1. Does the range 170-181 hold any residues that are under 22 Å from SER112 (Cα atoms) and either open to solvent by 50 Å² or more (accessible area, probe 1.4 Å) or acidic (Asp, Glu) (or both), and which are they?
2. If you go through the range 104-114 one residue at a time, do you hit one that is within 26 Å of GLY184 (Cα to Cα), open to solvent by 10 Å² or more (accessible area, probe 1.4 Å) and without any contact (Cβ under 8 Å) to a residue 40 or more places away in the chain?
3. Could you grab me the full set of residues in the range 126-139 that are surrounded by 14 or more Cβ atoms within 10 Å (Cβ to Cβ) and either charged (D, E, K, R) or out of contact with any strand residue (DSSP E or B) (no Cβ under 8 Å at 6 or more places or on another chain) (or both)?
4. Restricting attention to the range 204-253, and to residues there that are hydroxyl-bearing (Ser, Thr, Tyr) and over 18 Å from LEU331 (Cα atoms), which single residue is surrounded by the fewest Cβ atoms within 10 Å (Cβ to Cβ)?
5. Being surrounded by fewer than 14 Cβ atoms within 10 Å (Cβ to Cβ), assigned to a strand (DSSP E or B) and under 22 Å from the mean Cα position of the chain (by Cα) is true for just one of VAL142, VAL167, VAL163. Which residue is that?
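The values are calculated or read from the model by the stated rules, or taken from the named source; none is laboratory data. Quick caveat: nothing in here was measured; it's all calculated off a predicted structure. Neighbour counts run over all protein chains shown; Cβ positions are idealised from the backbone, glycine included. Note: accessible area is taken over every heavy atom of the protein model, side chains too, but ligands, DNA and RNA are not part of it. Shrake-Rupley method; radii C 1.70, N 1.55, O 1.52, S 1.80 Å.
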Amino acid sequence: QESTFVGLARERKVIQPAASDTNEASCSLNILDFQWIGFVALQRAQGLNRVLLRFFNPQLICAILCLGLFSFVVSFRTMTATPHLQELGVIGAGLSKGFDPSLTEYALLTHSSQHLTGVAAKVNPSETSLLTFRTKSENRTVKTDTGLAEAIRLDQDVYPADVELEVQDTFRTTEYRLQVLKYGILPESIVFSGEHSNGRSFQRCVPFGYLSYEHRVRIPPGLKTMDIFINYDHFVIDLPAPKRAHDRFTNLYEENVSKEECIQKQLLFKEIVKTQFSGAGCYSVVQPKWNSCAQTRSDLTQKFLKQVRGAVHGDLCVQGQYMAEFDCKKLETSGSSQLSRKLTQKDSETPGSWWEDKQVELRLLLSINSSQL
């Protein structure tokens, strides 16, 4: 028996749509009006055709197409996307540049007095399958699927220490390389200037090389005022320079040097302030030439301190009545890499100048990320 819809269609009669509640007739057809075709054909089909016709459902077909499209997009993004770190941080050091997941090479800057630093890394488990931490100097490997925080020893005979972070997913691998470099900040020179009671002026520039071996600086008596300027400079033990520079600390390298010979260099040569054994040679940090006293590149040091988020502070102290008693005055900082203090007789609580007939002690403090060195 034919359905009413088929019967009306065979007689070619006009089908009047039912009016809605708002008395407005709608003459448009939607996809649900074609569901009857599958049910009518299903009554006459047999075998495989009968099974296939059961899927002739517009809603089911749309759902299958959407699911297939979604699976294609997800698979395409997974195959083309590069696995990356979500976070990268260092403990007791500073990154040479801000973290960017697309950048894969970094330098870790740590102070030369430190013996230990750390690396913390994190990945998104929904996008990556494995995170591997590897150090060649310690021959150590750590694997995880979420995040890690590992310590790095800095007293190894291999310099610079290399750290590898490998991020993997189903199809690809991304390697991050971190190189640990040591740095230091030292006074380059100290300038003393003042006015004598007879009206004559006094000025003396003392280079760091002299202060490192001779800890006494003689100042003429009878000064009414005395100004002290401490110029400091930085060094990084990284790529060596071909020769010694006159306006900054220079990093030199010599091959085929034993560890014992490398350590002795700092004791034998006055111009060397720091040595570092690399495993096959020796790095030597050489101070600026003494004839260029107080003429270093202060702009480079200021940029470096901003990079490691550091600051230098200082005090000028004289010994009091007792051995453990010191009278200290803060050194003022300026925009350049310099500390200064202007002293007058008003700074003294006793008759005479504050610095007369007393041993003056200079104290410098380097602050890096709330840590003091």
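1. Within the range 170-181, the subset under 22 Å from SER112 (Cα atoms) is 177-181.
ARG177, GLN179, listed by residue number.
2. no
3. Correct list: GLU127, ARG134, GLU138.
4. Let us first name the residues in the range 204-253 that are hydroxyl-bearing (Ser, Thr, Tyr), namely 210, 212-213, 225, 232, 250, 253.
Right, trim to over 18 Å from LEU331 (Cα atoms) and you get 210, 212-213, 250, 253.
Working: TYR210: 16, SER212: 16, TYR213: 7, THR250: 20, TYR253: 16.
By that ranking, first place goes to TYR213.
5. Only one candidate qualifies: VAL142.
Residue by residue, here is whether (1) more than 22 Å from TYR159 (Cα to Cα); (2) not in a loop (DSSP other than H, G, I, E, B) holds:
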| site | (1), (2) |
| --- | --- |
| ARG204 | yes, yes |
| PRO220 | yes, no |
| ASN231 | yes, yes |
| HIS234 | no, yes |
| ALA241 | no, no |
| ARG244 | no, no |
| ASN251 | no, yes |
| GLU254 | no, yes |
